[in-house]
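Step one of this worksheet: look at the structure below.
Computed from the coordinates by the stated procedures, all read-outs in this text should not be read as laboratory data. Computed from a predicted structure; not experimentally measured. A quick note on method: Cβ atoms are made from the backbone with ideal geometry, for glycine too, and the neighbour counts reach across all protein chains shown.
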Amino acid sequence: MNFTIRRLGPADAATMRALNRLYADAFGDSETYAPDRPDDNWLAHQLGNNAVIILVAEREGAVVGGLTAYELPKLEQARSEIYLYDLAVSEPDRRRGIATALIGELQHIAAQTGAWVIFVQADYGDDPAVALYTKLGAREDVMHFDIAPRAREEWKKPGTSR
């Protein structure tokens, strides 16, 4: 199967929307990945940020896979890490090397930027993702927590300085 991989830039809002539709289908999560949520200005701004890495695999002008990653600068050493946040391939195009090629391109970008490591999370039960990531890297069993943002006034206790 012939496909090309490229990094999106500020002029690629329509392609980003196509990738969001692919994510919605692949993850069964149309609520999060609604196709037209952000406007063109928002997408152009984010796609122009070098710390936001969006790669797509395209075949005949159609998005058949993609990933979203973020470069995170570290302060304990002069280096960065890259967090691979989303990765999906369309159902009919799976098991054809697209996900591995996308990660390979991310590895190349990570090497160019001097990143120390690429890290990714996988859900228990997502056996294809776990198999892919196990093939490419070392597994760590960690816990993940979502902490909701809230205003300082909401957590400040009377009589404390916090």
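Neighbour counts of other C-beta atoms within 10 Å: give me S30, S80 arranged from fewest to most.
S30, S80
Sort F3, F27 so that the residue with the fewest other Cβ atoms within 10 Å of its own Cβ comes first and the one with the most comes last.
Ordered by Cβ neighbours within 10 Å, fewest first: F27, F3.
Please identify every one of the trypsin sites (Lys or Arg not before Pro) in the stretch 54-115 that sits in a loop by DSSP and has no more than 10 other beta carbons within 10 Å of its own beta carbon.
R95
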